[in-house]
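FYI, it's all coordinate maths here, none of it is from the lab. Because the structure is predicted, anything quoted here is derived from the model rather than measured. Cβ coordinates were reconstructed from backbone atoms using ideal geometry, including for glycine residues, and neighbour counts include every protein chain displayed.
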Amino acid sequence: MKKALLVLVCLLAVCVFTSGGMAAQQSTTQGKALKASGTVLTYDPGAMIAVKTAKGKEMHFDLAANAKVGSKVDRGSKVTVTYKKQGQKLVAAAVAVSTKK
């Protein structure tokens, strides 16, 4: 009986330590700033922006309340979006308009 109890306690301890490490790893991945560049498909000031990358992938971003958005963002503009993943959402912290032609 003592051996069974000891094994159970050890298994619980292993589960607690490994789940804590996995949670820490997930939170650091979500907190990392990422960038995407492409052409603006749609833009709703203060709300969202949709961009099509050079590889043809459409990406939709919610704008953060304090997002820094460059002037003259419009459909067809070339932009670079700095964003973070928050759960399933992509949240833009900054949108910079490219001056390259």
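For the subset of segment 45-95 comprising residues that are of a type in the set (A, V, I, L, M, F, W, C) and part of a loop (DSSP other than H, G, I, E, B), which member is farthest from K35 (Cα to Cα)? Per the stated criteria, the residue is A47.
For residues that are exposed (fewer than 13 other Cβ atoms within 10 Å of the Cβ) and either over 17 Å from the mean Cα position of the chain (by Cα) or on the phi < 0 side of the Ramachandran plot (or both), tally how many sit in segment 54-91. Explain how you work it out, then say what you get.
Of segment 54-91, the ones exposed (fewer than 13 other Cβ atoms within 10 Å of the Cβ) are 54-58, 65-66, 68, 71-72, 74-76, 86-89.
Next, from what is left, pick out any that are either over 17 Å from the mean Cα position of the chain (by Cα) or on the phi < 0 side of the Ramachandran plot (or both): 54-58, 65-66, 68, 71-72, 74-76, 86, 88-89.
The number of residues fulfilling the criteria is 16.
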